[in-house]
Amino acid sequence: MNDLISRQAAIDTALEFIVEYLGGAFDEDFQKELSKRMLELPSVEPEQKKGKWIELTNTNHTYICSVCGRMLVNIPDGKNKVTKNYPFCHCGADMRGGNNAAN
C-alpha cells in the first residue's frame, strides 16, 4: 500500500537529514536537483472505499456501514432514501450506486 504524503514535507525532511548527516550545508545545485527529482516521483490516487448501508433487522430503521460499522439510528426517510441522504459514511466510504445502495 502506498502512503499519501506531502511532497514538500518529504523534500524538507530529506534536506534537513542531509544537512545533519553531512554536518553542514550543501550547495544550492544539490538542493535544486534533489527537489526536482522528488517532485518527479509518481503520484498515487487514494483508494476509494466502497460500502453500503445495511438495515439491521428488528430495529426501527437502523442502518450500519459495511466498512466501519457506523450506525445510523431512526432514519425517518427509511430504506429508500438512506443512500441518497447519506451518500458517504464518516469513514469516507462511498455508499452510492450499484451494489452500494441500501439493501
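Taken together, the residues in segment 3-22 that are of a type in the set (S, T, N, Q) and in a helix (DSSP H, G or I) amount to 2. Total residues in segment 23-43 satisfying the condition of being surrounded by 10 or more Cβ atoms within 10 Å (Cβ to Cβ), without any contact (Cβ under 8 Å) to a residue 24 or more places away in the chain and either in a helix (DSSP H, G or I) or among the polar types (S, T, N, Q) (or both): the figure is 7.
When you go through Ile75, Ile64, Ile54 one by one, which is the residue that is in a loop (DSSP other than H, G, I, E, B), assigned by TED's automatic domain parsing to the domain that holds Met95, closer than 18 Å to Met95 by Cα and not basic (Lys, Arg)? After applying the criteria, what remains is Ile75.
The values are calculated or read from the model by the stated rules, or taken from the named source; none is laboratory data. Here the structure is a predicted model, which means the values were calculated and not measured. Heads up, the Cβs are rebuilt from the backbone with ideal geometry, glycines too, and the neighbour counts pull from every protein chain shown.
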